[in-house]
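To start, the structure itself, in structure tokens.
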Ligand code: AMP
Ligand code: ZN
């Protein structure tokens, strides 16, 4: 399998540390608000990677954190704790906020057919282990205490900037004019391992430690949770591209300083989903969630379909027009598949031929768009009998998870809704004297075995052969 590795900036042949087993860590959400569909695009990308590895025969152990402490409003260790800010705003405790938005997150996550990780660990669960790591870094003189906070000294780290492509000057945080500068740091790029004094005013969650009562910096949780559950050597670690710097850069620095050796072999990053005004953000006005899509009548899986039709390393712009087009294409595909009558015997040779093509596409740095095109090719291929087609689609759907083969009753209901929708569109087209479009809708339905019948009372339909 070929996978782009942010560490080497190349598409590489994936090699797991242990045979047939992959340790995979995903940076989870910060649960101070609902996750927007941009966040969820990132988790769809991770889901596809996990399922592709499983399709190829690997056992995957996947771990995800839940950030419920330590993530400040600026990634540069400045501003307020996002969780505390939200708790104050909503007049709730931090733990209530965390529980509420964690539940909401997984509801949306499941609605998009994403597989639950084997372990989901809130950051607040492993404080003792973070303290152990910080003590070790202080003993090694890689960390230092300044004005009560514990900092990581990046000048002690040979390859601090290895993960990112940008120039060092562009990345130095805490030194731009618009960002509050922390004068306790030795180097402007140093980051906080443990906060005590500087961020304490409204902090609800705090723990005793040898460095004073306080709480961990944001990056520490992913180092701690990953090492605890996946061991000292990790195959894959992933997040969105905004996590590359500073979050993952700092995770590598502190993990490798603690472990004394290289930690993770492959860094997997998903590009962003933007709205037409730019980057989506949880703190930017109305946030676009899966529930909003549902309320507007969209199937969440149409959004998954839309994401899979683009490459995970390309930015994607969201608009309702694009989603509508994708939903129409998705429904058409479902109808096509579900109108196939299951007959014939499995043709092993053709099954293997198509399945190998699917594997070739999906294991080429997760080319989901080509994998979906392959389904269209398969549907058109007269040499493949119906049963073989359905078995292939069932198999591809283990990775794509688009519910391509549904239960019979569900299909019928969905299909009827779809036809009624098409009849409405055709009536509208006729009203606007767009007879070409009206004829096209009728002809497209006919190809799917649906015959429209125009009567004085309106249009009805029958299914071919019925
Ligand atoms: P957060 O809840 O802010 O910690 O983000 C959760 C995940 O979503 C992280 O891996 C981010 O990198 C990712 N992410 C944030 N914004 C976007 C976006 N607009 N598109 C795709 N992924 C994003
Ligand atoms: Zn993380």
Point to revise | Matching entry among 217, 231, 238 (being in the same structural domain as residue 24 (by TED's automatic domain parsing) and within 21 Å of the chain's Cα centre (by Cα)) | key: 238
Practice item. Within region 12-57, track down each residue that is under 18 Å from residue 108 (Cβ atoms), in contact with a helix residue (DSSP H, G or I) (Cβ under 7 Å, 6 or more places away or on another chain) and within 16 Å of ligand 2 (Cβ to nearest atom). Key: 26, 27, 29, 30, 31, 32, 35, 43
Practice item. Among the numbered conditions (1) farther than 30 Å from residue 59 by Cβ; (2) more than 15 Å from ligand 1 (Cβ to nearest atom), tell me where residue 318 comes up short. Key: (2)
Practice item. Could you list, in sequence order, all residues of region 308-322 that are more than 18 Å from residue 114 (Cβ to Cβ) and part of a helix (DSSP H, G or I)? Key: 320, 321, 322
Check your understanding: Which one of the conditions (1) within 16 Å of ligand 2 (Cβ to nearest atom); (2) assigned to a helix (DSSP H, G or I) does residue 294 fail to meet, given that it meets all the rest?
Key -> (1)
Practice item. Would you tally the residues in region 250-285 being free of Cβ contacts under 8 Å to residues at least 24 places away in the same chain and near ligand 1 (Cβ under 8 Å from one of its atoms)? Key: 0
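To keep it simple, each residue is scored yes or no on (1) surrounded by fewer than 18 Cβ atoms within 10 Å (Cβ to Cβ); (2) touching a helix residue (DSSP H, G or I) at 6+ places or on another chain (Cβ under 6 Å).
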site: 98; (1), (2): no, no
site: 101; (1), (2): no, no
site: 108; (1), (2): no, yes
site: 134; (1), (2): no, no
site: 141; (1), (2): yes, no
site: 147; (1), (2): yes, no
Exercise for review: State whether the residues of region 225-234 include one that is within 16 Å of ligand 1 (Cβ to nearest atom), closer than 25 Å to residue 40 by Cβ and at pLDDT 95 or above.
Suggested key: yes
Check your understanding: Out of region 268-291, which residues are out of contact with any strand residue (DSSP E or B) (no Cβ under 6 Å at 6 or more places or on another chain) and not in a loop (DSSP other than H, G, I, E, B)?
Key -> 269, 278, 279, 290, 291
**Study point:** Index of the failed condition, residue 117 passing every other in (1) outside any helix (DSSP H, G or I); (2) within 21 Å of residue 30 (Cβ to Cβ); (3) in contact with a helix residue (DSSP H, G or I) (Cβ under 8 Å, 6 or more places away or on another chain)
**Key:** (3)
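Only one residue in 229, 247, 219 is within 10 Å of ligand 2 (Cβ to nearest atom) and touching a residue at least 60 places away in the same chain (Cβ under 8 Å). Which one? Give the steps one after another, and end with the answer.
Details: 229 fails: within 10 Å of ligand 2 (Cβ to nearest atom); 219 fails: touching a residue at least 60 places away in the same chain (Cβ under 8 Å).
Among 229, 247, 219, only 247 is within 10 Å of ligand 2 (Cβ to nearest atom) and touching a residue at least 60 places away in the same chain (Cβ under 8 Å).
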Exercise for review: Could you check, for region 251-265, whether at least one of its residues is more than 11 Å from ligand 2 (Cβ to nearest atom), within 19 Å of the chain's Cα centre (by Cα), in the same structural domain as residue 62 (by TED's automatic domain parsing) and surrounded by fewer than 20 Cβ atoms within 10 Å (Cβ to Cβ)?
Suggested key: no
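Could you name every one of the strands (runs of 3 or more DSSP E) located completely within region 1-73 that has at least 2 residues being under 13 Å from residue 116 (Cα atoms)? Before you say what the answer is, go through the steps one by one.
Details: elements: 2-5, 10-13, 21-26, 59-66.
Once the strands (runs of 3 or more DSSP E) in region 1-73 are filtered for at least 2 residues that are under 13 Å from residue 116 (Cα atoms), what remains is 21-26, 59-66.
Can you say whether residue 275 is surrounded by fewer than 14 Cβ atoms within 10 Å (Cβ to Cβ), more than 12 Å from ligand 2 (Cβ to nearest atom) and within 22 Å of the chain's Cα centre (by Cα), as far as the supplied structure shows? If you could, list the steps in order and put the result at the bottom.
On the way: surrounded by fewer than 14 Cβ atoms within 10 Å (Cβ to Cβ): no; more than 12 Å from ligand 2 (Cβ to nearest atom): yes; within 22 Å of the chain's Cα centre (by Cα): yes.
Against the criterion (surrounded by fewer than 14 Cβ atoms within 10 Å (Cβ to Cβ), more than 12 Å from ligand 2 (Cβ to nearest atom) and within 22 Å of the chain's Cα centre (by Cα)), residue 275 does not qualify.
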Check your understanding: Of the numbered conditions (1) touching a helix residue (DSSP H, G or I) at 6+ places or on another chain (Cβ under 6 Å); (2) in the same structural domain as residue 346 (by TED's automatic domain parsing), residue 382 satisfies every one except a single condition; which is it?
Key -> (1)
Review point. Is it the case that region 195-211 has a residue that's within 22 Å of residue 67 (Cα to Cα), within 16 Å of ligand 2 (Cβ to nearest atom) and modelled with pLDDT of 90 or more?
Key: no
Check your understanding: Do the conditions hold for residue 83, that is, is it buried (at least 16 other Cβ atoms within 10 Å of the Cβ), more than 16 Å from residue 196 (Cα to Cα) and under 30 Å from the mean Cα position of the chain (by Cα)?
Key -> yes
Review point. In this structure, does residue 365 turn out to be without any contact (Cβ under 8 Å) to a residue 24 or more places away in the chain and more than 28 Å from residue 444 (Cα to Cα)?
Key: no
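Look through 287, 372, 322 and report the one residue that is under 29 Å from residue 2 (Cβ atoms), under 22 Å from the mean Cα position of the chain (by Cα) and either surrounded by fewer than 19 Cβ atoms within 10 Å (Cβ to Cβ) or in the same structural domain as residue 424 (by TED's automatic domain parsing) (or both). Walk me through it before giving the result.
On the way: 287 fails: under 29 Å from residue 2 (Cβ atoms); 372 fails: either surrounded by fewer than 19 Cβ atoms within 10 Å (Cβ to Cβ) or in the same structural domain as residue 424 (by TED's automatic domain parsing) (or both).
Criteria check complete, one pass: 322.
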**Study point:** From the options 26, 124, 73, residue that is farther than 30 Å from residue 403 by Cβ and within 13 Å of ligand 1 (Cβ to nearest atom)
**Key:** 73
**Study point:** Selection status of residue 342, touching a helix residue (DSSP H, G or I) at 6+ places or on another chain (Cβ under 7 Å), exposed (fewer than 14 other Cβ atoms within 10 Å of the Cβ) and not assigned by TED's automatic domain parsing to the domain that holds residue 422
**Key:** yes
Exercise for review: Examine region 248-261 for a residue that is over 30 Å from residue 417 (Cα atoms) and in a loop (DSSP other than H, G, I, E, B), and state whether such a residue exists.
Suggested key: yes
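The values are calculated or read from the model by the stated rules, or taken from the named source; none is laboratory data. Fair warning: this is a prediction, and the values are worked out from it, not measured in the lab. Using ideal geometry, Cβ is built from the backbone for each residue, glycine included, and neighbour counts are taken over all protein chains shown.
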